[in-house]
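Asker: Quick one: the structure is below, questions incoming.
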Amino acid sequence: MTSIQMPQLGETIVEGTILKWLKSEGDQVKADEPLFEISTDKVDTEVPSPVAGTVTKLLVAEGATVPVGTAVMEIDDGSGAGGNGASAPASAPAAAPAQAATPVAEGPAEAAPPAAQTQTQQPAAPAPTAPAPSTMPDRGPRSGILSPIVRKLARERGIDLATIAGTGEGGRITKADVLAAAAPPAAGTTVAPLPSVGPAAAAVMVAAPSMPAGQGEEAQPISHIRKAIAAHMLASTQQTARAWTMVEVNVDRLVHLREDSKEKFQANFGVKLTYLPMVTRATIDALQQFPLVNSRLDGETIVTPRFVNMGIAVSYDAGLIVPVVKGADGMNTVGIARAIADLAARARSHQLQPDEVQGATFTITNPGPYGSLLSVPIINQPNAGILSLDGIQKRPVVVEDDAIAVRSMVYISMSWDHRLIDGELATRFLARVKHNLETWDFAEDLGL
Amino acid sequence: MASTTVESGAAGHGAEPRGKRSEDGQATYLIAVAEALWEEMERDERVIMLGEDIGVYGGAFKVTEGFLERFGPDRVMDTPIAEETIVGFAVGAAMEGWRPIAEFQYSDFMTSGFDEITTVLSRYHYRSGVRTPVVLRAPSGGGVRASSFHSVNPEPWFAYAGGIKIMCPAFPSDAKGLLKSAIRDDNPTLFLEHKALYRRIKEHVSEDPAALVPISSAAVKRPGDDVTIVTYGAMVHKALEAADTLAGRGISAEVVDLRTVYPIDEETVIRSIEKTSRALVLYESFHFLGIGAEVASVIAEKAFEHLDAPVMRLAPPNHPVPFSPPLEDAFLPQVADIEAAVDRLSAW
Amino acid sequence: MTERRPAWLLAPPGLIDYDVANEAMHTLARRRLDDEIPDSVIVLQHPPVFTAGRRAAEDELLWDEATVTARGGAVRRIDRGGSFTFHGPGQLVVYPILGLGGRPDAAAHLRRLEEVAIRTCADLGATVRRRADVQTGVWVDDEKICAIGVRLLRTRVTLHGMALNCDTDLTWFDGIVACGLPDHGVTSLTRVIGRDMRVDEVSPIAIRHVADVFGLAPTEAPDEIVRPFLAAAVA
């Protein structure tokens, strides 16, 4: 079912008057056939149909004046119940297909397959018989032009192009449109069924008080990715018993090492040397010493992997994503640096594969380069903890013999799940990370 | 990359080209070429140089200043104005085991030796099994108000021959590394030095005589996500300038410098298109049959499934290079033209 | 040097019958909708005619039909928005038939029409302005010098446009409540500048500004495109 709305004909036009219905309930319509005549304070026009089908309902009377975006008509185009509507081509591009309208479960204890899980299956199994749009709805003179990359991505990710309204010239579906429709779900929603992640979170989200945009405000619908991130963050906060510990680390030696050898490193290995790979390596050792921090809680079972898949939080244009360095315990610092650089670059260019954002056993976030001093991250479920590497600063500190000297210091902290681990363990874990960073000689591990 | 003007002439700073670097150790494109020649002449006594005015005069552009004094007249030979003979001599010498570097005073004059280059040099090894490691080098390209007799981009003519590797570096470090590779390569090679860049571009260039840049390897000179500009020679710098402005408009352009125009590094080009899905091929050789026409074909053929828009080309028309400055400016792609082309490509 | 969109320019001379011109304009718009033809711009004059948008009140026409006909005029109800207005000799009429693209902004299109009128008048020495507090159009104080009315075809292609009084006989406007505004009058370039401003003089200036403001590269329309308009020339 497609809902037809009063179209937006210009930013300053806020309402329109239905002058005349050109179709009645029960009439057949073809794509782009005029449905009704409107008059606004700027222009008059007839509004064409975005789809072919049968008019099922006229929701507004002739002569009525309604705000832009109001549903005025319903057309049965064979797209099934729950479709939330293309509007006339003049409006903003149609929202996601049916999966966005999965019914919201009532009880949080239900393990109903969440909307998020449907998203898991699609990218993981590109069907050779991916739905080929037999008729593309006319959303503009160029909406039928499907470029090679658009077709390839649709095929690989099992996307029905008929459900995407293109933002390119003349309504053309662009590569970016397809990628936005098929973004790998944010980490956490892709792991095996979590009890009531999607629907419960969605229920709470939906229940928030509505405050639509008013005078002087802009409105835009949130992207799939933002929706998935929101659900994941909310679920994590609600389901984990989150506690937080911090240590202060003297990274003076690391700073000097990096300053001295970053150019050589770049020349030798083709990637920039940052602190993140070194901290990652130190953390992996700590995880091996304290395997419980690398574990997850599955119902009433503690699952402890013998390997470390390190999730690295990356911020990019669409929001936040956590690509995973698989088997990070088997890599030296150079390998970790390379893996992180590669994943981050491909994250930012939207080229990660679905399996590259799944399976983290622990996660590190690094807001330091953006200027933070201290952060309290949200645990990337189902991990037991998430470590934050914040900004390195020169500070006056007390050194040997109670003297005061200037050293490069950094706060490293961890949010951890108190259901799984306790304060002593969390603290000892962090102390180990600190010890590693303050005592290891990274030069050899960096191939310098 | 800095593009400051260094004092012209650079004469009298010392015979060795390295003595002609700027105070902070940067080398102009011209000095980088001179260093490559000098180092290879020092490294291998089979390397010889010939050309018009390269010895006593030090070269029309002063690239070979000081070479005659250092290496002597047996290895640095002034020739008459006889391009066909220059090439023929080089082929003969190569057959005898020398490694000749033949200079053309302007690339435009290469066609006086066209037959010797295409019928003889490019085919000799195929016909006889004897290697002819000849390096042809010449200043090429326009934009310097030198008009149609001194501004040609000859690379398409000689790429057609099929037996000659052709390089068109845009940066001094690439120029040095590539020329050295060319001299050490046993195949016939053509090394085209864009005359508009000789003194206008400088950068830090390796002093390691063993530092080479591989032939047929392209380089991403500016990473980007939205659009790929594949280009070479002086156009690389215009593309980079356009990319800066485009970035301010929210369009992230990746600039791929081919460095070698025959055979091209297809893999780097295709990898870039896989990322951006939009290609603009920018080239100074003429639109029809110029190097970019080939690059566009390769992209269409081998990266078809990654394209979100048709492959676009931007190049001057097949027309003599104009002499009048406003006409020459209108003839060559300018930064504004590149921006407009990228805008059109992004909006497709 | 940013790229301009190619557009056809139709400038049939003389006075073009309103009905035929309206019909021909709609045909061009439909062909533009199907991407068969490029954008086009029609520049012409009409014989005297009162036109009214669909929601115009009948009592805005002050003269009865007999009076109108006796004076050589006609009355037409048409598909644009807005109230009664007058077209006639001495008034430069411009109809841009443009594709608006995937996200049509009708308000922007109207603003651009106003901009064309403002720049054209400025070139001729008349300072005119928009009055968002009153109505779309271009004004000199409380008097309208250029009327603007637009319709969209399927929300994507523009119809109708603007009408700038050059040396129009303004007494015609006594026959209507112009633009539905009883307290506002009309004026013309001749009245404002103080010399006879003929359409022939104003037209090339307006065409240039249409090209600039809308980003068009106009070329002469093919003969068979202009023919229907030429065939409808009355004088």
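Asker: Note down all Cβ pairs under 6 Å where the first residue falls in region C:48-68 and is without any contact (Cβ under 8 Å) to a residue 40 or more places away in the chain, the second is in a helix (DSSP H, G or I), and they're at least six residues apart or on different chains.
Answerer: Once the first residue is without any contact (Cβ under 8 Å) to a residue 40 or more places away in the chain and sits in region C:48-68, its partners that are in a helix (DSSP H, G or I) give C:Val49/C:Tyr18.
Asker: I've got another one for you. Just checking, does region B:199-215 include any residue being away from every other protein chain (no Cβ under 14 Å) and hydroxyl-bearing (Ser, Thr, Tyr)?
Answerer: no
Asker: Then there is this: Restricting the search to region B:155-176, which residues are surrounded by fewer than 24 Cβ atoms within 10 Å (Cβ to Cβ) and out of contact with any Gly (no Cβ under 9 Å at 6 or more places or on another chain)?
Answerer: Selection gives B:Trp157, B:Ala159, B:Tyr160, B:Ala161, B:Gly162, B:Gly163, B:Ile164, B:Lys165, B:Ser173.
Asker: Can you work out which of the residues in region C:1-20 that are within 19 Å of C:Cys166 (Cα to Cα) and outside any loop (DSSP other than H, G, I, E, B) is farthest from the other protein chains (Cβ to nearest Cβ)?
Answerer: C:Leu15
Asker: Just checking, does region A:130-142 include any residue being among the polar types (S, T, N, Q) and at pLDDT 80 or above?
Answerer: no
Asker: Does C:Val75 meet the test of being closer than 28 Å to C:Ala217 by Cα, among the β-branched types (Val, Ile, Thr) and modelled with pLDDT of 90 or more?
Answerer: no
Here is a yes/no grid of residues against (1) on the phi > 0 side of the Ramachandran plot; (2) surrounded by fewer than 18 Cβ atoms within 10 Å (Cβ to Cβ); (3) of a type outside the set (S, T, N, Q):
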| residue | (1), (2), (3) |
| --- | --- |
| A:Leu352 | no, no, yes |
| A:Thr365 | no, no, no |
| A:Val376 | no, yes, yes |
| A:Pro382 | no, no, yes |
| A:Ile386 | no, no, yes |
| A:Pro396 | no, yes, yes |
| A:Ile404 | no, yes, yes |
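Asker: Conditions first: (1) within 14 Å of chain A (Cβ to nearest Cβ); (2) at pLDDT below 95. C:Pro96 passes all but one, so which condition is the exception?
Answerer: If we test C:Pro96 against (1) within 14 Å of chain A (Cβ to nearest Cβ); (2) at pLDDT below 95, just (2) comes out false.
Asker: Let me ask another. Only one of C:Val157, C:Val186, C:Val150 is more than 14 Å from chain A (Cβ to nearest Cβ) and either under 18 Å from the mean Cα position of the chain (by Cα) or crowded, with 24+ Cβ neighbours inside 10 Å (or both); which?
Answerer: C:Val186
Asker: Something else about it: Is it true that B:Thr245 is within 14 Å of another protein chain (Cβ to nearest Cβ) and touching a helix residue (DSSP H, G or I) at 6+ places or on another chain (Cβ under 8 Å)?
Answerer: yes
One line per residue, one yes/no per condition, for (1) among the small types (Gly, Ala, Ser); (2) touching a strand residue (DSSP E or B) at 6+ places or on another chain (Cβ under 6 Å); (3) touching a residue at least 60 places away in the same chain (Cβ under 8 Å):
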residue: C:Leu124; (1), (2), (3): no, no, yes
residue: C:Thr127; (1), (2), (3): no, no, no
residue: C:Asp133; (1), (2), (3): no, no, no
residue: C:Ile145; (1), (2), (3): no, yes, no
residue: C:Arg151; (1), (2), (3): no, yes, yes
residue: C:Val157; (1), (2), (3): no, yes, yes
residue: C:His160; (1), (2), (3): no, yes, yes
residue: C:Ala211; (1), (2), (3): yes, yes, yes
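Asker: Another one. For region A:142-170, give me each residue that is within 20 Å of A:Asp77 (Cα to Cα) and away from chain B (no Cβ under 13 Å).
Answerer: A:Ser143, A:Gly144, A:Ile159, A:Asp160, A:Leu161, A:Ala162, A:Thr163, A:Ile164, A:Ala165
Asker: Could I ask something else about it? Which condition does B:Ala211 not pass, out of (1) out of contact with any Leu (no Cβ under 7 Å at 6 or more places or on another chain); (2) part of a loop (DSSP other than H, G, I, E, B); (3) crowded, with 17+ Cβ neighbours inside 10 Å, if it passes all the others?
Answerer: Condition (3) is where B:Ala211 drops out.
Asker: Looking only at region B:283-301, count how many residues are of a type outside the set (A, V, I, L, M, F, W, C) and either surrounded by 17 or more Cβ atoms within 10 Å (Cβ to Cβ) or modelled with pLDDT under 95 (or both).
Answerer: Counting residues in region B:283-301 that are of a type outside the set (A, V, I, L, M, F, W, C) and either surrounded by 17 or more Cβ atoms within 10 Å (Cβ to Cβ) or modelled with pLDDT under 95 (or both) gives 6.
Asker: I'd like to know if region C:51-59 contains one or more residues that are part of a helix (DSSP H, G or I) and either more than 13 Å from chain A (Cβ to nearest Cβ) or closer than 27 Å to C:Val226 by Cβ (or both).
Answerer: yes
Asker: I would also like to ask the following. Could you identify the single residue in C:Glu36, C:Glu23 that is among the acidic types (Asp, Glu) and assigned to a loop (DSSP other than H, G, I, E, B)?
Answerer: C:Glu36
Let's see how each residue does on (1) closer than 19 Å to C:Arg156 by Cα; (2) in contact with a helix residue (DSSP H, G or I) (Cβ under 7 Å, 6 or more places away or on another chain); (3) among the small types (Gly, Ala, Ser); (4) surrounded by 18 or more Cβ atoms within 10 Å (Cβ to Cβ):
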position	(1), (2), (3), (4)
C:Leu33	yes, no, no, yes
C:Gln45	no, yes, no, yes
C:Glu58	no, no, no, no
C:Ala70	no, no, yes, no
C:Phe86	no, yes, no, yes
C:Leu98	yes, yes, no, yes
C:Ala107	yes, no, yes, yes
C:Thr127	no, no, no, no
C:Gln135	no, yes, no, yes
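Asker: Here's a check for you: in region B:299-314, which residue that is outside any helix (DSSP H, G or I) and out of contact with any Asp or Glu (no Cβ under 7 Å at 6 or more places or on another chain) is farthest from the other protein chains (Cβ to nearest Cβ)?
Answerer: Filtering first and then ranking leaves B:Arg313.
Asker: To continue, here is another question. Given the condition among the polar types (S, T, N, Q), assigned to a helix (DSSP H, G or I) and over 13 Å from the mean Cα position of the chain (by Cα), answer yes or no: does some residue in region C:67-75 qualify?
Answerer: Yes, region C:67-75 has at least one match.
Asker: Among the residues of region A:32-54, write down those that are more than 11 Å from chain C (Cβ to nearest Cβ) and either surrounded by fewer than 22 Cβ atoms within 10 Å (Cβ to Cβ) or under 22 Å from C:Leu113 (Cα atoms) (or both).
Answerer: A:Ala52, A:Gly53, A:Thr54
Asker: In this structure, does B:Asp343 turn out to be acidic (Asp, Glu), without any contact (Cβ under 8 Å) to a residue 12 or more places away in the chain and assigned to a helix (DSSP H, G or I)?
Answerer: Taking the combined requirement at face value, the residue does not satisfy it.
Asker: Here is a check on your reading of the model: is B:Glu193 part of a strand (DSSP E or B) and over 24 Å from B:Ala279 (Cβ atoms)?
Answerer: yes
The values are calculated or read from the model by the stated rules, or taken from the named source; none is laboratory data. The shown structure was predicted, so the numbers you read here are calculated from the model rather than taken from an experiment. Please note: Cβ atoms are built from the backbone with ideal geometry, for glycine as well, and neighbour counts cover all protein chains shown.
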